[in-house]
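Okay, structure first, notes after.
Every read-out reported here was derived from the displayed coordinates using simple, explicitly stated rules and does not represent laboratory data. Given the structure is predicted, the values throughout are model-derived calculations rather than measurements. Cβ atoms come from the backbone with ideal geometry, glycine included; neighbour counts cover every protein chain shown.
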Amino acid sequence: MKNKGISSKYTDKELAEALIFPVKLTAAQKKEAARQLAIARKTTQRTLSEKDRLILGLSQLKFKMEDYIRNKEFDPDFTFSYFLKQYVELLRVKRKEFASEIGIDETLLSQFINQHRMLPEYMAIRLEIHSSNSIPAAYWFKIVEKQKEHQLSTNTAIRKKERKHVRRRLAIGDDQQ
């Protein structure tokens, strides 16, 4: 029985006191509860220091990257460019300033963000160092790798183009065209 461990740790009275019964709220009560929650959230956000906000944002971005890397499905919205743009926005600095901080030209940063260039090794390392090792360089590469893997598996045009360069194929598969 699943609850056997719980009932052996606590008395019946303690378990009964810990039980929370759901309360049915009227529409007005729900509205008031939502208003109170919004006020509490705003108060909490105002009391966050800039450093706390940055740490929180970095953690969220890192977890989003981890989830995407772990997920087997490719999502065209979650590219290296998307995550880089999120990172720059999180810092609340202008792109020119960020480019200067990591030692690249602003136009190069723009090319990365607008998906005109792929991630070079040095850029992943600089992003890792800039984030104080909060987001490892390997995460940036795994995202790029996922993009490339998808492109490789779905690009039929390049397969047709490269097929004419292969003179002899192994006669072992079903794909004998």
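Summary of computed values
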| item | result |
| --- | --- |
| Condition check for ILE104: surrounded by 11 or more Cβ atoms within 10 Å (Cβ to Cβ), more than 28 Å from SER49 (Cα to Cα) and among the β-branched types (Val, Ile, Thr) | yes |
| SER59 being among the polar types (S, T, N, Q) and crowded, with 16+ Cβ neighbours inside 10 Å | no |
| Test: residue in the stretch 111-118 that is under 29 Å from GLU73 (Cα atoms), in a loop (DSSP other than H, G, I, E, B), touching a residue at least 60 places away in the same chain (Cβ under 8 Å) and within 20 Å of the chain's Cα centre (by Cα) | no |
| Count of the stretch 67-101 residues which are assigned to a helix (DSSP H, G or I) and either free of Cβ contacts under 8 Å to residues at least 60 places away in the same chain or loosely packed, with under 14 Cβ neighbours inside 10 Å (or both) | 19 |
| Condition check for GLU50: of a type in the set (Asp, Glu) and surrounded by 12 or more Cβ atoms within 10 Å (Cβ to Cβ) | no |
